[in-house]
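Working notes, beginning with the structure itself.
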Amino acid sequence: MRRAVLFLAGLLAAHAQAGWQWEAPLDVSRAVGPAVFPHVESANRKGLAVSHGTVGMVWEDNRSGTPRCYVAFRPTDAPAFSADSPVSEDECYEPVLAALDGTGRFLAAWEAAGGVWVRVLPAGKPLRLGTAASAQVTLASRNGQVRAAWAEQAGRYKRIMVATLSVKGDTVTAQSVRPVEAGEPANDQAWPALTLTAAGDVVVAWEDRRNHHTVPYGSRAPAGTRDYAPVGRLSDQRSGRVDGLGAGMGAMRPTLAAWGENGSVAVWLDKRDFLAGYDVYAAFDAGGRFAKNLRVQDSFGDNMAQWHAGVATQGTRLVVAWDDARDGTPDVWLSTWSGTGFVEDVAVPAASGPGEQSDPLLALDETGALHLVWLAREADGTRVRYARAVWR
């Protein structure tokens, strides 16, 4: 009852000023119980996608006693999500989803059996990407172009690989598989993020430990080329000991989205204020190098850690989501780019208040509507929940 009152109050407050107007939330997964634990963590936080008026969502849970991945769909005018369907027959981790433009179909990728896999949903056969041990796959799709990126073993450490994918009917093939950097890595590279710009450039970012602490790095391959530019840091903080400790401040889990005519925006978790934990930072790339870093969350989020940051863009709209416990328990927060900066944080009505709401995934569709999924930990178990909003 209290949640319903809070949700209604949020709707009434939202009508008083311009902002996101939220529809009533829905459950995505039908598997709920005290011993069922869903997970939506994935490289680039891309488990949610919208294709030609249909919302798709992938996640992993242990309902069968073994971690497996599932998918559910919902046409935007339908009252509920479809029944859960398995993505793969075996153990499965960290699934991601990409819309195949204008078709109402989707491409899924996941980690299993020491490798990464991809298939067209709902009827395509799985294809393994690469031959060495691999993890943390992500996808990007735009204007008929499809790419996949993952972390693959190369000697002692993992490096970031990118593949060009071809989709014909229910069949997907890998036409080109190459590392972002040709040589063996000097230290681990992990958790890649990937996007395709409006001009068709491939932009990739990842967690990199070549400086003996975690720094987000990135590179770009211009449209029509195979070679990536020399890599560069997303973070504008230099490496070096902090108060005599470590090799530098940590930063992790980069996410990417296309921005402008040929740019991108990166969002990640950054511990440069190491006493307060991770903060949400962003940087814009206008065609080759990421610019000055910007803190996303407002001052009310100071002195506490932010988690699970993700970004979505459509046209001139840019939204960042994350969770933090500034009001006593984890809630999902949003900040929208104004053109000159990130505006004051707004809590999502159905994903805030008593209890724990965390792990947001977000997507903007071609109309500019915002789609959000999160985990809601409630008395009977953890639910995968979804809500849609429009800007008014």
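Read the figures in this text as sums done on the coordinates, not as results from a lab. All values derive from a computational prediction rather than experimental measurement. Backbone-built Cβ (ideal geometry, glycine too); neighbour counts: all protein chains shown.
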Practice prompt. For n ≥ 4 DSSP H runs only, could you compute -39500 (n - 2.57) per run for the chain, divide by its residues and tell me the 222 nm figure to the nearest 500?
Written response: -1000 deg cm²/dmol
Practice prompt. Please list, or write none, the lysines whose alpha carbon is within less than 26 Å of the alpha carbon of Lys271, excluding same-chain residues fewer than 8 places away.
Written response: Lys46, Lys158, Lys292
Worksheet item: Which parts of the range 79-100 would a label at Thr367 reach, counting a residue when its backbone N lies under 20 Å from a point 7 Å out along Cα-to-Cβ?
Response: 79-82, 99-100
Worksheet item: What spacing in nm lies between the two simple spin-label points modelled at Thr329 and Ser166, each 7 Å away from Cα in the Cβ direction?
Response: 5.3 nm
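Apply 1/(1 + (r/R0)^6) to the Cβ-Cβ distance of Ala80 and Arg238, taking R0 = 35 Å, and write down the FRET efficiency to the nearest 0.05.
The computed FRET efficiency comes out at 0.10.
Among Glu356, Glu184, Glu94, what is the fewest-to-most ranking by other Cβ atoms within 10 Å?
Least to most surrounded, the residues fall as Glu184, Glu356, Glu94.
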Discussion item. If I stretch the segment between Asp298 and Ser64 completely, what's the gain in nm (0.36 nm per residue apart, minus their alpha carbon distance), one decimal?
Written reply: 80.1 nm
Practice prompt. Would you mind classifying the chain by shape? Square roots of the alpha carbon gyration tensor eigenvalues, ordered a ≥ b ≥ c; an a/c under 1.5 is rounded, otherwise it is prolate if a/b is larger than b/c and oblate if not.
Written response: rounded
Worksheet item: Can you list the residues, at least 5 places off or on another chain, whose amide H is less than 5 Å from the amide H of Phe73, using H built in the peptide plane?
Response: Ser82
Worksheet entry | Three-way shape label, the range 27-196, alpha-carbon gyration tensor, a/c 1.5 | oblate
Item to complete: Provide the gained length on full extension for the span Met252 to Thr225, in nm with one decimal, where the gain is 0.36 nm per separating residue minus the Cα-Cα distance.
Response: 6.9 nm
Practice prompt. Apply the Karplus parameterisation 6.51 cos²θ - 1.76 cosθ + 1.60, with θ equal to phi minus 60°, to every residue of the range 79-94 and state each ³J(HN,Hα) to the nearest whole Hz, in sequence, with x for glycine and proline.
Written response: x, 7, 7, 5, 4, 4, 10, x, 7, 9, 7, 10, 3, 8, 9, 6
Worksheet item: Where does each of Thr66, Thr173, Thr340 land when they are ranked from fewest to most other beta-carbon atoms within 10 angstrom?
Response: Thr340, Thr66, Thr173
Fill in: GNM result for the chain, Cα springs below 10 Å: residue of Ala325, Ala43, Ala151 fluctuating most strongly
Ala325
Response to the item:
Partner lysines whose C-alpha sits under 18 Å from that of Lys168, ignoring same-chain residues fewer than 8 away, are Lys125
Worksheet item: Fewest first, what order do Ser219, Ser141 take by the number of other Cβ atoms within 10 Å?
Response: Ser219, Ser141
Practice prompt. Could you tally the net charge around Asp188, taking each other residue with its Cβ under 10 Å from the Cβ of Asp188, Lys/Arg +1 and Asp/Glu -1?
Written response: +3
Worksheet item: So if R0 is 41 Å, what FRET efficiency would Glu89 and Glu184 give, r being the distance between their Cβ atoms, rounded to the nearest 0.05?
Response: 0.75
